[in-house]
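J.: Input: one structure, supplied below.
Only the coordinates and a few stated rules stand behind these numbers; no lab work does. These figures come from a predicted structure and were not determined experimentally. Every residue, glycine among them, receives a Cβ derived from its backbone with ideal geometry; neighbour counts consider all protein chains shown.
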Amino acid sequence: MTRVYSTFYRTIALAVTALLAAAGHAQIEQLVPPPFGGGRPTVPVPLTYAQPQGGALMTFKSPREGAPEFAIKGVLFKPTGAARGAVVIVNASDGWSDVREGHYARSISSAGYAVLAVDTYGPRGVTGASTDNTTITTYEQTRDAFAAKRYLASLGYPGDRMAIMGAGRGGTIALLAADRTFMQEEKEERFAVAMAVGAACFLHPREPKPSANVFMAIGDKDQVAGVKPCQDLANEYAAAGGKSTVKVYPGATSGFDGDPVNRTMYRYARTETFVNCNVVVEPDGRSIYGGKTFAETDSRALFVEMRKSCIKNGVSGYTNVTQKANVTLDLIDFLDANFRH
């Protein structure tokens, strides 16, 4: 498919219009730059922890060991006509937001897919994890994603036409869901497709067990995840018989798909980074790092150990509205390639 790409210096309204005219099958919402007036903001506008708009609020249950099930909120976006497939969107480390999860949900739904954007953090009293990844375990977030999949199945969406996606930490969760090394108790049909935007690719199964076709989108200026770790993970996945695609977006930093207000480069001094982290995961799901072994259910202890060596703090980033539009179209293309048959 040929696309018409606008330069970053044009208005985003024009850039998105050109992309839509070339793509023809998705109505990506306008990413109109804010009226800065005579100056620009001196501090980044944080992503508002808020329910994505445009869909219907739903509640489903996620299991907990030795405790009552959690009631998890999700917003369901339905396409016009029959859905070609269904997508679970896992929230990023900032928590769910309208400008990221809402944007992806509306855009993907407009292309013919049912989308359930999930709020893993709210029921647990968590508002963010970018500066402290111990606030919630990766296991809890992955378990919620599979609970969302079962909920969609209960609504009649076919299990073999379901995808999982996420940005940042949500993308890391999508990658875990794409390999049977993780969440081995989920023995039934897994997600058919996994899509990760700006995911930290630091968990490397010793013996990968691919269960989904994978698309990884990463900015060449990403200081949280880095390009090479994701390319390495994709190669390991492919060597084990999996199908994976990595696309690098020039000029995109970590969080490049955030709020269009943040179009100036900012420094986030406390954000945790994983560029130098490589954790081996045994076939039974246990992680090995620093000579210590960590259960899959206890990523908190793993993160604490990683802070002694590979986890650093501080990144620079901004919202690249052109690349946000581009990656949205690429996600839809990947879904179409897998589900339009």
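J.: Apply the Karplus curve 6.51 cos²θ - 1.76 cosθ + 1.60, θ = phi - 60°, to the phi angles in the range 323-331 and return the couplings in whole Hz, x for Gly and Pro.
T.: Result, ordered by residue: 6, 4, 5, 4, 5, 4, 5, 5, 4 Hz.
J.: Just tell me the longest site-free run in the chain, where the sites are GluC sites (Glu not before Pro) in a DSSP loop having at most 11 other beta-carbon atoms within 10 Å.
T.: After excluding every exposed loop site, the longest remaining stretch is 189-341.
J.: Still on this structure, please answer the following. Calculate one ³J(HN,Hα) per residue across the range 286-295 by plugging θ = phi - 60° into the Karplus curve 6.51 cos²θ - 1.76 cosθ + 1.60, and present them in order as whole Hz with x for glycine and proline.
T.: The phi angles translate into 6, 9, 10, 7, x, x, 10, 10, 10, 5 Hz.
J.: Of all trypsin sites (Lys or Arg not before Pro) in the range 132-181, which ones are in loop regions per DSSP and have a Cβ with at most 16 other Cβ atoms within 10 Å?
T.: none
J.: Here is a follow-up. Please arrange Tyr266, Tyr151, Tyr113 by counting, for each residue, the other beta carbons lying within 10 Å of its beta carbon, fewest first.
T.: Ranking Tyr266, Tyr151, Tyr113 by Cβ neighbours within 10 Å, fewest first, gives Tyr266, Tyr151, Tyr113.
J.: So I have [x] 33, 60, 6; [y] 29, 59, 12, 0; [z] 26, 58, 16, 0, and one of them is P(r) over Cα pairs in 20 Å bins from 0, in percent calculated from this model. Which one is it?
T.: Calculated P(r) over Cα pairs in 20 Å bins from 0, in percent: the matching label is [x].
J.: Determine the dipole magnitude for the range 12-339: charges of +1 sit on the beta-carbon of Lys and Arg, -1 on that of Asp and Glu, nothing else is charged, the reference point is the Cα centre, and the result goes in debye to the nearest 20.
T.: Approximately 380 debye in magnitude.
J.: I would also like to ask the following. Which trypsin sites (Lys or Arg not before Pro) from the range 274-309 combine a DSSP loop assignment with at most 12 other Cβ atoms within 10 Å?
T.: Qualifying residues, ordered by number: Lys308.
J.: For the chain, modelled as a GNM with alpha-carbon contacts under 10 angstrom, which of Ala199, Ala163, Ala50 fluctuates the most?
T.: Ala50
J.: Given only helices, namely DSSP H runs of n ≥ 4 each adding -39500 (n - 2.57), what is the per-residue ellipticity at 222 nm of the chain, to the nearest 500 deg cm²/dmol?
T.: Here the helix-only value at 222 nm equals -8000 deg cm²/dmol.
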